[in-house]
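Asks: Take a look at this one; I'll ask things after.
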Amino acid sequence: MMLGDSSMTSIVQRIARQALVTFRNPPRVGEEVGKSFLENHSKLKSLMTEVRATDLKLVPRKADDSSSGVPPHQHGAPPVTYMHICETDQFSMGVFLLKSGASIPLHDHPGMHGIGLGRPTGGTQASPPLPPGQVGALRRSMRRSTGEYTEESGPCVLSPDQDNLHQIDAVDGPTAFMDILAPPYDPDDGRDCHYYRVLTEAEAKSTEQKEKEVWLTEISQPSDFWCGGEPYPGPEVRL
């Protein structure tokens, strides 16, 4: 294969290389997004639309037997597993796999670019009554959308200050999705995952769509959610 010839390069490798270029110098929170970043980000999204389960060597999995009425992941196996593909200082890439009926609870990606479905906003709506010690944990947000996604759907995109919170549920059987986060989680640098619970909902009028204004409170990681690991069977990525 000649250098620069992408005909024999896996789509996973091409995505990783583009992610490296895209997030080498990403815009900071509140900073104006430059033309170069937008162009590279667009290329990355375009590549993401091409990837399929077969490219990742994922084998179709049968829906878990839930005839007993008890969610399968309560028997000891993790409800969610993660296949690590690659990680640099700029980004991490992997695949999440959810068992039938499993969920990744409502959570955030502080200071990170990636995939998501919610947007925090500011405002002056009166907050719900809470004990004084819990008021500081409140977060006013806007539930913008819910949707069902397949491999034919376009990628979901989040940024540090827009569409940063989301919850992911496996619908009608096991679910898998490729995930890119930039930069990776790093608690020592202030990028640690936080989980939230919806307290109240209020209808919010929008000229484009019906949105729901919500109050969230930060919670500990739910006891019925944890993430295990499993080997990534797809093509090797070199950066």
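Asks: Pick from G76, G101: which is open to solvent by 30 Å² or more (accessible area, probe 1.4 Å) and without any contact (Cβ under 8 Å) to a residue 40 or more places away in the chain?
Replies: G76
Asks: Could I ask something else about it? I'd like to check something: does segment 131-144 contain any residue that is farther than 21 Å from A182 by Cβ and either modelled with pLDDT of 95 or more or touching a helix residue (DSSP H, G or I) at 6+ places or on another chain (Cβ under 7 Å) (or both)?
Replies: For segment 131-144, residues farther than 21 Å from A182 by Cβ and either modelled with pLDDT of 95 or more or touching a helix residue (DSSP H, G or I) at 6+ places or on another chain (Cβ under 7 Å) (or both): absent.
Asks: Just checking, how many residues over segment 156-186 are part of a strand (DSSP E or B), over 26 Å from K62 (Cβ atoms) and not β-branched (V, I, T)?
Replies: The number of residues fulfilling the criteria is 7.
Asks: Examine segment 80-93 for a residue that is open to solvent by 40 Å² or more (accessible area, probe 1.4 Å), at pLDDT below 95 and in a strand (DSSP E or B), and state whether such a residue exists.
Replies: Within segment 80-93 (the criterion being open to solvent by 40 Å² or more (accessible area, probe 1.4 Å), at pLDDT below 95 and in a strand (DSSP E or B)), the answer is no, since none of the residues qualifies.
Asks: Tell me, please, whether a residue that is at pLDDT below 90 and surrounded by 18 or more Cβ atoms within 10 Å (Cβ to Cβ) can be found in segment 5-14.
Replies: No, segment 5-14 contains no residue that is at pLDDT below 90 and surrounded by 18 or more Cβ atoms within 10 Å (Cβ to Cβ).
Asks: Find the residue count for segment 15-64, including only residues that are closer than 30 Å to G76 by Cβ and either aromatic (F, W, Y) or open to solvent by 60 Å² or more (accessible area, probe 1.4 Å) (or both).
Replies: Qualifying residue count, segment 15-64: 6.
Asks: Starting from segment 43-55, keep only residues that are touching a residue at least 40 places away in the same chain (Cβ under 8 Å) and under 7 Å from I11 (Cβ atoms), then list their pairs with residues that are in a helix (DSSP H, G or I) and open to solvent by less than 60 Å² (accessible area, probe 1.4 Å) whose Cβ atoms are within a distance under 9 Å, requiring at least 6 positions of separation or different chains.
Replies: Filtered contacts from segment 43-55: V51/I11; V51/V12; V51/I15; D55/I11; D55/V12.
Asks: Which pairs turn up if I take residues in segment 213-239 that are farther than 30 Å from T9 by Cβ and modelled with pLDDT under 95 and look for partners that are open to solvent by 60 Å² or more (accessible area, probe 1.4 Å) and outside any loop (DSSP other than H, G, I, E, B) with beta carbon separation below 6 Å, at least 6 apart in sequence or on another chain?
Replies: Hits for this filter: V214/R143; V214/E201; L216/R139; T217/R197; I219/R197.
The values are calculated or read from the model by the stated rules, or taken from the named source; none is laboratory data. Keep in mind the model is a prediction, meaning the values are calculated, not measured. So basically every Cβ, Gly included, is an ideal-geometry build from the backbone, and we count neighbours across all protein chains shown. Each accessible area value is taken on the protein alone, full model and side chains, heavy atoms only, with ligands, DNA and RNA left out. Shrake-Rupley method; radii C 1.70, N 1.55, O 1.52, S 1.80 Å.
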